[in-house]
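The values are calculated or read from the model by the stated rules, or taken from the named source; none is laboratory data. In this text the structure is predicted, and so the values were computed from the model without any measurement. Don't worry about glycine lacking a Cβ; one is built from the backbone with ideal geometry, like all the others, and counts go over all protein chains shown. To get the accessible areas, we keep the full protein, side chains included, count just its heavy atoms, and leave off ligands, DNA and RNA. Shrake-Rupley method; radii C 1.70, N 1.55, O 1.52, S 1.80 Å.
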Amino acid sequence: MQQVILVRHAEPQIDIDQPASEWPLTPRGTANAQSLAGAMPALGAVRIVASPERKALETAHVLAGALGLPVVQDDRFSEQGAEAGQFLTDYAEFRALVRHHFDHPDEVVLRQESSNDAGARFGAGVAEHHKAVAGDGALVIVSHGRIMASWLATVTGADAGDIWTGFRLPDLIEVDVEGRAYRTVDFPLA
């Protein structure tokens, strides 16, 4: 079985004057990442790869500390970012824009990349890193909601928008790539 564990980063401290890639975790985000780390040993992780964005890296380092694994960074797992001043403060407006992004997967709606292109970028990273673990255990990827949903939709055939709206901060998703299925792993959140 080609097993991939997806981790959506924990809750970031939003600062609209900073690019989203620089947002750190909140104290609650760090506590929830620690809770998530408690669920990780049972999943057989052998490699942790993270987006270089600060919130993803901080989440990955909490997991790495609990598992005794190093963190590898890979730009292919970065979100379709928001530069300083580009963050939408109206959450309803943001959700509508993201829904449009997923409903028109070949159209560039967010940050110069279509949903399909983002999913393909993510998928290329998954394929390369999965080869590196060569069936020795699970590959863990710490990333972001939209790009993870884009890739999961291509793997499973599920609706990317529905996947995205179901994610928590943080979240833990076990993916059977060959079986074209995924499941959310439950753990307590603060």
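Annotation note: of Arg99, Arg183, Arg95, the sole residue that is closer than 23 Å to Ala42 by Cα and basic (Lys, Arg) is Arg183. Tallying residues that are in contact with an Asp or Glu (Cβ under 7 Å, 6 or more places away or on another chain) and without any contact (Cβ under 8 Å) to a residue 12 or more places away in the chain within segment 132-151 yields 0. Of all the listed residues (Ala50, Ala120), the sole one being in contact with a Ser or Thr (Cβ under 9 Å, 6 or more places away or on another chain), small (Gly, Ala, Ser) and farther than 29 Å from Pro188 by Cα is Ala120. Just one of the listed residues (Glu58, Glu11, Glu22, Glu53) is touching a strand residue (DSSP E or B) at 6+ places or on another chain (Cβ under 6 Å) and among the acidic types (Asp, Glu), and it is Glu58.
The sole residue among Val108, Val126, Val72 that is aliphatic (A, V, I, L, M), modelled with pLDDT of 95 or more and open to solvent by 40 Å² or more (accessible area, probe 1.4 Å) is Val72.
Just to be sure before I move on: is Ala60 open to solvent by 40 Å² or more (accessible area, probe 1.4 Å), within 17 Å of Leu172 (Cα to Cα) and hydrophobic (A, V, I, L, M, F, W, C) in the structure I sent? Answer is no for this residue. Meeting the requirement of 2 or more residues that are in contact with a Gly (Cβ under 9 Å, 6 or more places away or on another chain), the strands (runs of 3 or more DSSP E) wholly within segment 94-185 are 138-143. Please verify whether segment 28-48 includes one or more residues that are of a type in the set (S, T, N, Q), under 16 Å from the mean Cα position of the chain (by Cα) and open to solvent by less than 20 Å² (accessible area, probe 1.4 Å). The answer is yes; a qualifying residue exists.
Among the residues of segment 7-27, the one identified as among the small types (Gly, Ala, Ser) and open to solvent by 40 Å² or more (accessible area, probe 1.4 Å) is Ser21. On inspection, Arg121 qualifies as surrounded by 16 or more Cβ atoms within 10 Å (Cβ to Cβ) and either in contact with a Cys (Cβ under 9 Å, 6 or more places away or on another chain) or of a type in the set (Lys, Arg) (or both). For segment 152-185, residues that are touching a residue at least 12 places away in the same chain (Cβ under 8 Å), farther than 23 Å from Pro24 by Cα and of a type in the set (Asp, Glu) total 4.
Test Glu79 against the criterion of being of a type in the set (Asp, Glu) and part of a helix (DSSP H, G or I), and give yes or no. So Glu79 does not fit the description; no.
In the set (1) farther than 21 Å from Glu22 by Cα; (2) touching a strand residue (DSSP E or B) at 6+ places or on another chain (Cβ under 8 Å); (3) small (Gly, Ala, Ser), Ala64 fails one condition alone, (1). Among the residues of segment 75-97, those identified as at pLDDT below 80 and open to solvent by 60 Å² or more (accessible area, probe 1.4 Å) are Glu83, Gly85, Gln86, Phe87, Thr89.
Looking at Arg76, Arg95, just one residue is of a type in the set (D, E, K, R) and under 18 Å from Gly161 (Cα atoms), and that residue is Arg95.
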